[in-house]
Amino acid sequence: MSTNTKPALVTGGCGFVGRHLTRRLLADGYDLWLVDDCSTGRHPDGWLPRDLERRELAPGVIEYTGDQRVVFVFGDARDFFSGRLPLGGLTEPSFSDVFHFAAVIGGRATIDGNPMAVAIDLALDALCFNWAVRVQPDRLLYASSSAAYPVDLQGDGGAVALKETDIQFGGRLGQPDMTYGWSKLTGE
Ligand SMILES: NC(=O)c1ccc[n+]([C@@H]2O[C@H](COP(=O)([O-])OP(=O)(O)OC[C@H]3O[C@@H](n4cnc5c(N)ncnc54)[C@H](O)[C@@H]3O)[C@@H](O)[C@H]2O)c1
């Protein structure tokens, strides 16, 4: 049985970080909700523990039960935060921990080649934070990035081991890495 009374939420839970964290949270006894549009992520059918019982509550809403309960909601996290994603008859619960990972990422090629992804990332974060203020989860973890750090500390010749004090919100912010870095800095 789950040891936590309230579930945790992982947006972008089907991505690289989200899948690893999900397995860890299940081992730690969490019930979970995952929200992901699988734009780059992998559907949970392919990687959640096989011993969970699967029940499709509605198209795109799947409940997996075993020692823990996992609810997967397929869709855009912006719609989830706006209350526009169908939940298959479920009511959105009160969440304990929220891990907000949903973002357009794709590595260096996307950072350089798709700078307008910043619009989606800013919208995802703004809607997430507005939702969190409204529904008051116990805690929220925001995934920033090394791209938020000043580029002059990261280039050939000037590269140093980055530390959190290299971003000073009351002082030196520096120039983050492309629009992806700006979105992460804004999220912070
Ligand atoms: N992997 C890293 O090295 C790294 C480093 C620094 C920061 N981060 C941050 O950690 C988080 C997770 O990164 P990752 O490496 O797992 O990336 P990823 O691309 O593997 O995972 C992102 C997930 O978000 C989903 N997604 C994208 N847009 C969505 C939307 N509108 N609605 C719902 N789901 C959506 C994708 O389908 C994917 O499953 C991101 O916020 C990223 O910026 C990652």
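The values are calculated or read from the model by the stated rules, or taken from the named source; none is laboratory data. It should be emphasised that the depicted structure is a prediction, and the values quoted were computed from it without experimental measurement. Every residue, glycine among them, receives a Cβ derived from its backbone with ideal geometry; neighbour counts consider all protein chains shown. What goes into the accessible areas is simple: the full protein's heavy atoms, side chains included, and nothing from ligands, DNA or RNA. Shrake-Rupley method; radii C 1.70, N 1.55, O 1.52, S 1.80 Å.
Report, in degrees rounded to the nearest 10, the 0 to 90 angle that the Cα long axis of helix 16-27 makes with the longest principal axis of the chain.
40 degrees
Quick check on the stretch 99-188: take the gyration tensor over C-alpha atoms, sort the square-rooted eigenvalues as a ≥ b ≥ c, and tell me if it's rounded (a/c under 1.5), prolate or oblate.
Verdict is oblate for the stretch 99-188.
Among Glu92, Glu63, what's the order by accessible area (1.4 angstrom probe), most exposed first?
The most accessible residue leads, giving Glu92, Glu63.
Using only protein heavy atoms and a 1.4 Å probe, report how much of Lys163 is accessible, in Å² to the nearest 10.
110 Å²
For the chain, take the longest principal axis of its alpha carbons; what is the angle in degrees between that and the long axis of helix 178-187, to the nearest 10 within 0 to 90?
60 degrees
Determine how large the accessible area of Ser146 is when every protein chain is in place; take a 1.4 Å probe and give Å² rounded to the nearest 10.
70 Å²
With the full set of protein chains in place, find how many percent of the accessible area of the stretch 64-117 is carbon and sulfur; take the probe as 1.4 Å.
So the carbon and sulfur contribution to the accessible surface is 56 percent.
Run through all the Cα pairs of the chain and give the fraction in each 5 Å bin from 0, expressed as whole percent.
Calculated P(r), rounded to whole percents: 1, 8, 15, 19, 18, 14, 10, 8, 4, 2, 0, 0.
How many Å² of accessible area per residue for the stretch 41-139, probe 1.4 Å?
Result: 53 Å² of accessible area for each residue.
Just to confirm a number: summing +1 for Lys and Arg and -1 for Asp and Glu over residues other than Phe95 whose beta-carbon lies under 15 angstrom from that of Phe95, what do you get?
0
Working from Cα positions, state the angle (0 to 90°, nearest 10) between the long axis of helix 117-135 and the longest principal axis of the chain.
For helix 117-135, the angle is close to 60 degrees.
Mind grabbing the accessible area of Leu122 for me, 1.4 Å probe, Å², rounded to tens?
About 70 Å², ignoring ligands and nucleic acids.
Counting helices only, and only those DSSP H runs with n ≥ 4, report the 222 nm mean residue ellipticity of the chain as the sum of -39,500 (n - 2.57) divided by its residues, in deg cm²/dmol to the nearest 500.
Working: 5 runs with 53 residues, N = 188.
Helix-only estimate at 222 nm: -8500 deg cm²/dmol.
Sort Met178, Met116 by accessible area with a 1.4 Å probe, largest first.
Accessible-area ranking of Met178, Met116, largest first: Met116, Met178.
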